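Peer 1: The structure is given below, and queries will be raised subsequently.
The values are calculated or read from the model by the stated rules, or taken from the named source; none is laboratory data. The model shown is predicted, which means the values in this text are computed figures rather than measured ones. With ideal geometry, Cβ positions are generated from the backbone for all residues, glycine too; neighbour counts draw on all protein chains shown.
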């Protein structure tokens, strides 16, 4: 018997190195191993999502063009709070405090007193609607560690329940925190985005 034959035989039986051969000989054990691997993978994903969840309401990203309030979360959505003009985050989670931490990423031409402000009472975003040639306000505040949004205009989250949209063609004209001007803008190109955080 050659060296190759002695290596390929154990207890007089040919050794099979193929995964398919192992599956053919032990299909039940193979299926149990695959199922166990899938369960471990799902468990790791669930654990990572749990560790990443602070228990607080998600941050909000405000984008220009139409006024869009994006919940930075895969599972939180906007919900009506009483009337169609009032909104809240539909979640059983709370903010760590009622302060709103505002961070603005502005572009040339914008007039800002600061790129970071804490609003203890409320913040107001003034939006200019190009089609109607008029301005309207959207007010955000946190009461009882839950954020709320109100406006004389009707917002919509029909396209994506995580995104609350006001207006169509226009731009964010001003951001005011606790009755003090944070930024003003002359057109849509001067604001990249605004973040509303919960630190």
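Peer 1: From the list 110, 105, 91, exactly one residue is under 14 Å from residue 161 (Cα atoms) and either out of contact with any helix residue (DSSP H, G or I) (no Cβ under 8 Å at 6 or more places or on another chain) or in contact (Cβ under 8 Å) with a residue 12 or more places away in the chain (or both). Which is it? Give the derivation first.
Peer 2: Details: 110 fails: under 14 Å from residue 161 (Cα atoms); 105 fails: under 14 Å from residue 161 (Cα atoms).
Being under 14 Å from residue 161 (Cα atoms) and either out of contact with any helix residue (DSSP H, G or I) (no Cβ under 8 Å at 6 or more places or on another chain) or in contact (Cβ under 8 Å) with a residue 12 or more places away in the chain (or both) holds for just one of 110, 105, 91, which is 91.
So that you can scan it fast, the table gives a plain yes or no per residue for (1) closer than 18 Å to residue 84 by Cβ; (2) assigned to a strand (DSSP E or B); (3) in the same structural domain as residue 67 (by TED's automatic domain parsing):
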{"position": "109", "(1), (2), (3)": "no, no, yes"}
{"position": "114", "(1), (2), (3)": "no, no, yes"}
{"position": "139", "(1), (2), (3)": "yes, yes, yes"}
{"position": "148", "(1), (2), (3)": "yes, yes, yes"}
{"position": "160", "(1), (2), (3)": "yes, no, yes"}
{"position": "174", "(1), (2), (3)": "no, yes, yes"}
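Peer 1: Return yes when residue 119 is in contact (Cβ under 8 Å) with a residue 40 or more places away in the chain, crowded, with 18+ Cβ neighbours inside 10 Å and closer than 20 Å to residue 178 by Cα and no when it is not. Break it down stepwise before answering.
Peer 2: Numbers: in contact (Cβ under 8 Å) with a residue 40 or more places away in the chain: yes; crowded, with 18+ Cβ neighbours inside 10 Å: yes; closer than 20 Å to residue 178 by Cα: yes.
Against the criterion (in contact (Cβ under 8 Å) with a residue 40 or more places away in the chain, crowded, with 18+ Cβ neighbours inside 10 Å and closer than 20 Å to residue 178 by Cα), residue 119 qualifies.
To keep it simple, each residue is scored yes or no on (1) modelled with pLDDT of 90 or more; (2) assigned to a loop (DSSP other than H, G, I, E, B); (3) exposed (fewer than 13 other Cβ atoms within 10 Å of the Cβ).
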residue	(1), (2), (3)
46	no, no, yes
89	no, no, no
98	no, yes, no
103	yes, no, no
127	yes, no, no
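Peer 1: If you check residue 148 against the conditions, is it farther than 25 Å from residue 114 by Cα, within 20 Å of the chain's Cα centre (by Cα) and surrounded by fewer than 19 Cβ atoms within 10 Å (Cβ to Cβ)?
Peer 2: no
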